[in-house]
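The values are calculated or read from the model by the stated rules, or taken from the named source; none is laboratory data. Note that the coordinates shown come from a computational prediction; the quantities given were computed from them, not determined experimentally. Every residue, glycine among them, receives a Cβ derived from its backbone with ideal geometry; neighbour counts consider all protein chains shown. Only protein heavy atoms, including side chains, enter the accessible area calculation; ligands, DNA and RNA are left aside. Shrake-Rupley method; radii C 1.70, N 1.55, O 1.52, S 1.80 Å.
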Amino acid sequence: MNNPIEDRHGYDTPAPRRLLRRRLGHHWKEQLGIIRTAADWTVFLYLIIPGALLGGRYYYGFWNEPIPAWSTLLPYALLPALLALLMQGGILLLLHEGDLLFLRQRKEWMRTVMLGGIFYSLSVTALKITAGFLILLPFLVRGYGLSGTDAGALLILSLCCGTCVKLLVHNVRVQKQGWRRWMWMLLAAWLPCGLYIRAAAAWSVHPALLLLAAVVYAAVAAAALRARLALRGTFLGDVREDFKQRMKIAALLLRGVIDKPRPTRHKPWIFHKSRPLLRPGTPESRLAGASIKAFVRNPGHFKLYLQFTGVGAIAILIVPGMLKWAVCIVLVLLMASWLVSYWKVFSSEEFIALLPFSKDQKADAGSRAVPILLLPFSILCAATVSMPLYGWWGLAVFIPAGAVIGIMAARVFTAFRLAR
């Protein structure tokens, strides 16, 4: 959070450029302070110096020794795709909460601070792209035969595309919320990056075309910058995005240590109506329906369910022949075990303990909820088995096969692990 005393003195500066320098200095001190709380500078020296020496040795080898054989097997489009990853991220405007009271009346000061933050963020992005480009340069020149002119044109195109993407994404973030933001992000980030990768791969030995594409990206970036400066009524969104950018390093260091706070919603996206999910409306059905709603609405549980589904489908696809059915059954058993564990945690929550449910009623409710949660996974796994093995006949096999496997696995685990 900002220091109010420091902010108050910051508004006493006689010129907007001095305020900009003060805020940049405060930002660097803040980031260094966050890093120092995680590790001492001596630890970084012990890591950075050997890492730099080892990396320099490898880099020298890439230029003067035979390049690794695996690098020639990679498609050329993968290299600009790696550069496109460095183009992602937000923009720091160097705005503080107190500006709403003390600085908004001075439009020239606000414009100076915002432009300084934008150019600072774009400069950082340009340095990241240039550093990544220099790392990939030996593979571009020696592996794919690019000339110095070709590589220079690719670098200019990468810098222009990175500037364009950063500005477009920032404009979307400060104006849109919810699902509309993600829809616009597809146009602001993935479409320009996709076109960049396509152009870099198709015109790799045509520097004139790469420079022409760079001019187009630069024109779009200039229009996005003008639109950013003309925006009105986005101050709260600007401050929110600035706070996210300032806390990026802290969030990275604390990832896995504390849970990310869940956003507060007045209405859930899924099952937003309060009607019973299962019929008939017996107490066991109501409890089972509540557990299913709680599972789907929980981002952690639902994300883990989808991740395990994706990994399971890949595991089934890579094993040969009839082993697919064995892997499918094992995966369904694992998922059933996890879902029963989830049910036991859910049924032991304090708000459930306040309700007059007996052990038998809780066990019956779990026996209804677990198969329903398991069936989508088991049917998808059966489809991943049936389609490669039986072709079009698999369309008639996977639903009944997946349903049988899922129901049997759920009955086995609920019978043994749910106390009655």
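Here are the numbers:
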| item | result |
| --- | --- |
| Bins of 10 Å, starting at 0 and running to the largest distance - Cα pair percent for the stretch 104-181 | 16, 33, 27, 16, 7, 1 |
| Average accessible surface area per residue within the stretch 341-420, 1.4 Å rolling probe, Å² | 56 |
| Radius of gyration and Dmax over the Cα atoms of the stretch 101-232, both given in Å | 17.0, 58 |
| Simple label model, 7 Å out from Cα along Cβ direction - THR37 to ALA315, nm | 3.9 |
| Residue-normalised accessible area of the stretch 139-260, expressed per residue, 1.4 Å probe, Å² | 55 |
| Members of LYS293/LYS344; LYS176/LYS244; LYS166/LYS248; LYS244/LYS303; LYS293/LYS362 lying beyond 19 Å, as alpha-carbon distances in this model show | LYS244/LYS303 |
| Alpha carbon centroid spacing (whole Å) that separates the stretch 51-97 from the stretch 327-373 | 47 |
| Where labels lie 7 Å past Cα in the beta-carbon direction, separation of TRP28 and ALA15 in nm | 1.8 |
